[in-house]
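Each remark here refers to the structure printed beneath this line.
The values are calculated or read from the model by the stated rules, or taken from the named source; none is laboratory data. Remember, it's a predicted structure, so these values are computed and weren't measured experimentally. Neighbour counts run over all protein chains shown; Cβ positions are idealised from the backbone, glycine included.
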Ligand SMILES: *Cc1c(COP(=O)(O)O)cnc(C)c1O
């Protein structure tokens, strides 16, 4: 087979070595005579897989002991509702809206309880993260919600230390978790759907500080109550076993690669290649995001001549560079270059872009 370079925003590219390992183990996991998909989630084999996944994730992110790691379902989208259900306790929460995903989180929170807009960058077409002095913060808020990598608009927060943490910080890290080291103790709750930078779709990771648990009202479904999930090691019902297994293989792959500091180096180098291709195109390609908020994971760009969009997509596809079409809400192109995208893929894209610009400039 010929392996292409996949720039999809999610579900997205997985490490080749992980796919091969999963293939080798697919029919018979570690000589137990069955596939991971066929195991009881309460058997010792799967319990071992689950515990290893949690321990490896804790190691990668250096998760302090006073945080619970939950493996849930429903995607990051269910978290948009589950977070206010668990943390509001009759109060109000603040939301910073910097793109489509934090906008959705804000809308969904309003269905559940009281949510306040602390700042929106909509007027500037979501092209930057606001400065601290632009945020109108409620000192009594139950939490402050931010999305630190807007997958569609390509806006990333690089300086976590600058985020206010007077009230618990709740962060949607779906599309850049594990792309670099993070000081988990800065946050009240971190969440991420798996299908961007962790593994296949189906599992959602929530890392939550102990003292935030136990405030959910008694009338929410027990499956949605973090403290009930934590008490049961996220096994209140059948968890997405195969997705957890795959995420666990990715965690092991990351550890073997040198962990998140090594990933940060790799990702910084890749992003530099792609932004250089855009910036040195003499205006043929353009990225609208403020320099300090350019995402290392999701790089949206437009062509100065949108009438060339279709041929760009067709020719890049012929060159083995797939899923470059931008999100329908912003148009143009988007290259997602998660951990598993090798630098060779980014270089091939940059080379193609230069060639395409030369032919059509
Ligand atoms: C993809 C994404 C979501 C939604 O994830 P689902 O798993 O589809 O619910 C939420 N937030 C961000 C930042 C995302 O990239």
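Restricting attention to the stretch 34-58, which residues are loosely packed, with under 15 Cβ neighbours inside 10 Å and closer than 16 Å to residue 178 by Cβ?
Hit for the stretch 34-58 is 55, nothing else.
Just need a number here: residues in the stretch 92-131 that are over 25 Å from residue 301 (Cβ atoms), surrounded by 16 or more Cβ atoms within 10 Å (Cβ to Cβ) and either out of contact with any strand residue (DSSP E or B) (no Cβ under 7 Å at 6 or more places or on another chain) or free of Cβ contacts under 8 Å to residues at least 12 places away in the same chain (or both).
Of the residues in that region, 3 qualify.
Pairs, please: C-beta under 6 Å, at least 6 apart or cross-chain, first residue over 22 Å from residue 18 (Cβ atoms) and in the stretch 176-200, second within 16 Å of the ligand (Cβ to nearest atom) and in a loop (DSSP other than H, G, I, E, B)?
From the stretch 176-200, the pairs are 190/173.
State yes or no: is residue 208 more than 16 Å from the ligand (Cβ to nearest atom), over 16 Å from the mean Cα position of the chain (by Cα), more than 15 Å from residue 12 (Cβ to Cβ) and surrounded by 24 or more Cβ atoms within 10 Å (Cβ to Cβ)? Break it down into steps so the answer makes sense when it comes.
Working: more than 16 Å from the ligand (Cβ to nearest atom): yes; over 16 Å from the mean Cα position of the chain (by Cα): yes; more than 15 Å from residue 12 (Cβ to Cβ): yes; surrounded by 24 or more Cβ atoms within 10 Å (Cβ to Cβ): yes.
Yes.
Tell me yes or no: at least one residue of the stretch 142-156 is out of contact with any strand residue (DSSP E or B) (no Cβ under 7 Å at 6 or more places or on another chain) and either at pLDDT below 95 or surrounded by fewer than 17 Cβ atoms within 10 Å (Cβ to Cβ) (or both).
Checking the stretch 142-156: not a single residue is out of contact with any strand residue (DSSP E or B) (no Cβ under 7 Å at 6 or more places or on another chain) and either at pLDDT below 95 or surrounded by fewer than 17 Cβ atoms within 10 Å (Cβ to Cβ) (or both).
Is there any pair with a first residue in the stretch 25-45 that is closer than 18 Å to residue 237 by Cβ and a second that is exposed (fewer than 12 other Cβ atoms within 10 Å of the Cβ) whose Cβ atoms are under 6 Å apart and which are 6 or more apart or on different chains, and what are they?
Short answer, once both residue conditions are applied: 41/238.
Counting only residues that are touching a helix residue (DSSP H, G or I) at 6+ places or on another chain (Cβ under 9 Å) and under 15 Å from residue 136 (Cα atoms), which one in the stretch 78-105 is nearest to the ligand (Cβ to nearest atom)?
98
Does any residue of the stretch 236-244 turn out to be part of a helix (DSSP H, G or I), within 22 Å of residue 91 (Cβ to Cβ) and within 16 Å of the ligand (Cβ to nearest atom)? Can you show your working first?
First, pick out the residues of the stretch 236-244 that are part of a helix (DSSP H, G or I): 241-244.
From what's left, within 22 Å of residue 91 (Cβ to Cβ): none.
No, because not a single residue in the stretch 236-244 is part of a helix (DSSP H, G or I), within 22 Å of residue 91 (Cβ to Cβ) and within 16 Å of the ligand (Cβ to nearest atom).
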